[in-house]
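Heads up: the structure comes next, in structure tokens.
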Amino acid sequence: MKRFGFIGLGNMGGAIARGLASGGAFALHGFDPSEGMCRRNADIMTIHPTALELARNSDYVLLAVKPQVMRPVLTGLVPALGPETCLVSIAAGVTLDQLVEWSGRKCPVVRVMPNTPAMVGKGVYALCFDHELLDEGRRQTMLDVFSSIGQAHVLPEKLFDAYTGLIGSGPAYVYAFMEGLIDAGVTLGLTRAQATSMVSGLVSGSALMAEAEGAHPTLLKEMVTSPGGTTIAGLNALDEHRFKFAIGRAVRAAAERSKELAD
Ligand SMILES: NC(=O)C1=CN([C@@H]2O[C@H](COP(=O)(O)OP(=O)(O)OC[C@H]3O[C@@H](n4cnc5c(N)ncnc54)[C@H](O)[C@@H]3O)[C@@H](O)[C@H]2O)C=CC1
Ligand SMILES: O=C(O)[C@@H]1CCC=N1
């Protein structure tokens, strides 16, 4: 059985590890300097005292640390790396060139960008297979791994900043939208508990419908919008406040920040 190691067992590392644990295809290994994080994950993996020891005991090493500590973490792994180990980074903004350079040009490297719905097995993942040392077998393994815990999309690295701004950061825009709806419900007299439960049902029902119908959201929107009715009044108010423009600005700002993180 192949060994899958995790360096960093926080929100994303821990979530992806739980997803892989339920599939049972890999022996899992982990390292995190936080004792609490190690304890929380000890039921599904072998915990190692150092990142170097973890790398010595893994065929795939998933790096789930913050971008700012990626360089020291990777340079510390160099003695354990060789062509038999595959590195997988989920850090925002850290480029393939940087990952290859910091890991001593010794092993294949994959960049993956997840999002937080990974925590409920519904992550959407971008996979970058641009590194020349990456063989077909490992590409297929990565596709199988991430398809088994959500949606996997292969993208060239040049689209990673865009993807990070749209889908990596995306759950936060959805939650901000939900927060706005909940506050509006409370303003109009619903209790916060009622509004929260109703808005959650609204968003999950609408997402399910968009997936099931396979129809463009513009058509689904038209199904709600009666001539002279309530919905067109609401949509016109959104247009007055440049709703779509604001969303576009948010995604572009996040994509630009992703690009800056590499500097
Ligand atoms: N949270 C999100 O929505 C997304 C995060 N990412 C990326 O995932 C990575 C991890 O983010 P989160 O899981 O949200 O952060 P987190 O803060 O929840 O987890 C990071 C973990 O790294 C550990 N850590 C700190 N220094 C370390 C070291 N020297 N060696 C090993 N582990 C160390 C921390 O103890 C912590 O458990 C980041 O690079 C981020 O850019 C990517 C897409 C989405
Ligand atoms: O905010 C961040 O930098 C990370 C990357 C994408 C989502 N969260």
Say each of ALA21 and MET1 gets a label point 7 Å from the Cα, pointing the same way as Cα to Cβ; how far apart are those two points in nm? 1.3
Degrees between helix 192-213 axis and first principal axis of the chain (Cα, 0 to 90, nearest 10): 80
Summing -39500 (n - 2.57) over every DSSP H run of at least 4 residues in the chain and dividing by its residue count gives a helix-only mean residue ellipticity at 222 nm, to the nearest 500 deg cm²/dmol, of -15500 deg cm²/dmol
Estimated distance in nm for a label pair at ALA172 and ALA215, the labels positioned 7 Å out from Cα along Cα-to-Cβ: 3.4
Would you work out the charge dipole size for the chain about its Cα centre, treating the Cβ of every Lys and Arg as +1 and the Cβ of every Asp and Glu as -1, and quote it to the nearest 20 debye? 320
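Based on the inverse mean of 1/r over its pairs of different Cα atoms, what is the Kirkwood hydrodynamic radius of the chain, in Å?
Numbers: mean 1/r = 0.0492 Å⁻¹.
In the chain this quantity evaluates to 20.3 Å.
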With the cut-off at 1.5 for a/c, could you classify the stretch 1-58 from its C-alpha gyration tensor as rounded, prolate or oblate? oblate
Whole-Hz ³J(HN,Hα) from phi, Karplus 6.51 cos²θ - 1.76 cosθ + 1.60, for the stretch 125-141, glycine and proline x: 10, 9, 10, 10, 10, 6, 6, 5, 7, 7, 8, 4, x, 6, 4, 5, 4
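Quick check for me: using +1 on Lys/Arg Cβ and -1 on Asp/Glu Cβ, what's the dipole size of the stretch 170-261 about its Cα centre, in debye to the nearest 20? Write out the running numbers ahead of the final one.
Numbers: 8 positive and 9 negative charges, 50 e Å.
It works out to roughly 240 debye.
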Relative to the present Cα-Cα distance, how much length would full extension add between GLN194 and VAL154 at 0.36 nm per residue of separation? 10.4 nm
At R0 = 22 Å, FRET efficiency that the Cβ-Cβ distance of ARG139 and ARG257 yields, to 0.05: 0.15
Report the extension gain between VAL78 and ALA233 in nm, rounded to one decimal, defined as 0.36 nm multiplied by the number of residues separating them, less their alpha carbon distance. 49.7 nm
Percent relative contact order for the stretch 1-91, counting Cα pairs under 8 Å at least six residues apart, stands at 33
Which of the listed residues, PRO108, VAL69, THR50, is farthest toward the dipole's positive end in the chain, when Lys, Arg count +1 and Asp, Glu count -1 at the beta-carbon? THR50
When the chain is treated as a GNM, springs tying every alpha-carbon pair under 10 Å, which of GLY229, GLY123, GLY76 comes out with the largest mean-square fluctuation? GLY229
Extended-chain gain in nm, criterion 0.36 nm per residue less alpha-carbon gap, GLU35 and LYS122: 28.6 nm
Tell me the accessible surface of LEU62 in square angstrom (1.4 angstrom probe, heavy atoms of protein chains only), to the nearest ten. 0
Mind giving me the nanometre distance, one decimal, between the label points for GLU53 and ARG105, set 7 Å out from Cα along Cα→Cβ? 3.2
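I'd like the FRET efficiency for THR187 and ARG242, computed as 1/(1 + (r/R0)^6) with the beta carbon distance as r and R0 of 22 Å, rounded to 0.05. The partial results should precede the final answer.
On the way: r = 21 Å, r/R0 = 0.96.
Rounded to the nearest 0.05, the efficiency is 0.55.
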Mind checking which of SER22, SER226, SER89 has the largest fluctuation in a GNM of the chain, springs on alpha carbons under 10 Å? SER226
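The values are calculated or read from the model by the stated rules, or taken from the named source; none is laboratory data. This structure is a prediction, so every number in the text was calculated from the model and none was measured. Glycine also receives a Cβ, built like all others from the backbone with ideal geometry; neighbour counts cover every protein chain displayed. The area values use the complete protein model at the heavy-atom level, side chains included, leaving out ligands, DNA and RNA. Shrake-Rupley method; radii C 1.70, N 1.55, O 1.52, S 1.80 Å.
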